[in-house]
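Asker: Structure incoming, see below.
The values are calculated or read from the model by the stated rules, or taken from the named source; none is laboratory data. Note that the structure is predicted; figures quoted are calculated from it, not measured. Neighbour counts run over all protein chains shown; Cβ positions are idealised from the backbone, glycine included. Calculation scope for accessible area: heavy atoms of the full protein, side chains included, ligands and nucleic acids excluded. Shrake-Rupley method; radii C 1.70, N 1.55, O 1.52, S 1.80 Å.
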Amino acid sequence: MAATTVPSASTRQAPTARGVLYVHSSPRALCPHVEWAAGRALGQAVNFDWTEQPVLKGSQRAEFYWEGDRGTGAAIASALRGWEHLRFEVTEDAGLGTDGGRWLHTPDLGIFYAQTDTAGNIVVPEDRIRYAIEVAGANAVELHRELRLALGQAWDDELEPFRHASDLNSVVWLHKVG
């Protein structure tokens, strides 16, 4: 029987993760601090390409694609959570044998986390659905409210105008002539 070798802990490489940090709105003075916090979570200095956020005068927006160890998305979200006037979204893609994640933050709502599948869809755990059914009973309106809460609908609603802000700069207005 042939012997099999198992790589030692020192020769195994940690699984790599990747994702995106979307800073939907940040006051201009906070931008360097956002970069420093994200850089600390990533273990390297980062520089974002900041642009004006047309939805909120005086604020900036940025997108940053990152790579790191599993759990880096959570580390970035933790480094940025709770900052007044900061709206952001962090994604960590699902990998082979691992779930992905999505963290949403707004000043009014705080932070929301959801597990995601390989297509980026939010996965609502069975126990959370059972809880929503139990709490709602026969009340369909309450069931809708609980499911919207489980999906982070309030965070999506608040962030949606900020997500599409870059589209505002590329709108072509057509005028009827004649």
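Asker: Using θ = phi - 60° and the Karplus curve 6.51 cos²θ - 1.76 cosθ + 1.60, what whole-Hz ³J(HN,Hα) does each residue of the range 139-149 get, with Gly and Pro shown as x?
Answerer: Each residue's phi maps through the Karplus curve to give 8, 5, 5, 5, 4, 4, 4, 5, 5, 4, 5 Hz.
Asker: Relative to 2.2 N^0.38 Å, what does the C-alpha radius of gyration of the range 116-163 come to as a ratio? Two decimals please. All intermediate terms of the calculation are to be shown ahead of the outcome.
Answerer: Values: Rg = 12.4 Å, N = 48, 2.2 N^0.38 = 9.6 Å.
After normalising by residue count via 2.2 N^0.38 Å, the value is 1.30.
Asker: Which percent of the accessible area of the range 2-160 is formed by carbon and sulfur heavy atoms (probe 1.4 angstrom)? Provide the component values of the computation, followed by the final result.
Answerer: Numbers: 4980 of 9430 Å².
Carbon plus sulfur share of accessible area: 53 percent.
Asker: Taking 0.36 nm per residue of separation and subtracting the Cα-Cα distance, what length does fully extending E52 through Q153 add? Don't jump to the answer; show the numbers that get you there.
Answerer: Values: separation 101, 0.36 × 101 = 36.36 nm, distance 2.57 nm.
Taking E52 through Q153 to full extension adds about 33.8 nm, to one decimal.
Asker: Report ³J(HN,Hα) in whole Hz for each residue of the range 31-47, in order, from the Karplus equation J = 6.51 cos²θ - 1.76 cosθ + 1.60 where θ = phi - 60°; Gly and Pro get x.
Answerer: So the Karplus estimates, Gly and Pro as x, are 3, x, 5, 4, 4, 5, 5, 5, x, 4, 5, 8, x, 7, 5, 10, 10 Hz.
Asker: Shifting gears a bit: Under a 1.4 Å probe, what is the accessible area of the range 4-133 per residue, stated in Å²?
Answerer: On the way: 7560 Å² over 130 residues.
Value for the range 4-133: 58 Å² per residue.
Asker: Among the trypsin sites (Lys or Arg not before Pro) within the range 32-95, which fall in a DSSP loop and have no more than 11 other Cβ atoms within 10 Å of their own Cβ? Please report the intermediate quantities before stating the final value.
Answerer: Details: sites: R40, K57, R61, R70, R81, R87; in loops: K57, R70, R81.
Taking the range 32-95 and a limit of 11 other Cβ atoms within 10 Å, the loop trypsin sites (Lys or Arg not before Pro) found are K57.
Asker: By how many nm would the segment from T16 to A74 lengthen if fully extended, with 0.36 nm per residue of separation less the alpha-carbon distance?
Answerer: Working: separation 58, 0.36 × 58 = 20.88 nm, distance 1.40 nm.
Length gained between T16 and A74: 19.5 nm.
Asker: Whole-Hz Karplus ³J(HN,Hα) for the range 49-57, in order, using 6.51 cos²θ - 1.76 cosθ + 1.60 and θ = phi - 60°, x for Gly and Pro?
Answerer: Along the range 49-57, the couplings run 9, 7, 9, 4, 9, x, 6, 9, 3 Hz.
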